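Quick note: the coordinates plus some simple rules give every number you see, no bench work behind them. Being a predicted model, the structure only gives us computed values, none of them experimental.
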Amino acid sequence: MKNHIEIGDYYLITVKNKDIEYDGQIVWVDEHGLIVEWFNQVKGGLCETSIKFADIRQMVGFNDSQTTV
């Protein structure tokens with residue numbers, strides 16, 4: 001099975017430095033990182049956050065392949 005990230009996939013992403021989790025949909029991917037769209041309960045709406053691949057501790061996928069990176 002090939003592990004890959006696609007736009008539209010849902011992931012729970014844990015960031016290394018701040019120990020923050022983003023639970024959302026991937027809206028952009030390039031060679032340096034990705035942008036995840038997630039629901040911000042404090043602001044009461046959707047937010048987009050840019051994350052560099054080097055800053056990611058763990059990604060658990062909730063797409064068809066159930067990919068863990």
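In order along the stretch 21-26, the Karplus-derived 3J(HN,Hα) couplings, from 6.51 cos²θ - 1.76 cosθ + 1.60 at θ = phi - 60°, round to 10, 10, 10, x, 9, 6 Hz, and Gly and Pro are given as x.
Report the full-extension gain for the segment ILE20 to ARG57: residue separation times 0.36 nm, less the Cα-Cα distance, to one decimal in nm. Intermediate values should be presented prior to the final figure.
Values: separation 37, 0.36 × 37 = 13.32 nm, distance 0.98 nm.
Separation in residues times 0.36 nm, less the Cα-Cα distance, equals 12.3 nm.
Between CYS47 and VAL29, residue separation times 0.36 nm minus the direct Cα-Cα distance comes to 4.9 nm. With 10 Å bins beginning at zero, the pair-distance distribution over Cα atoms of the chain amounts to 21, 58, 20, 1 %.
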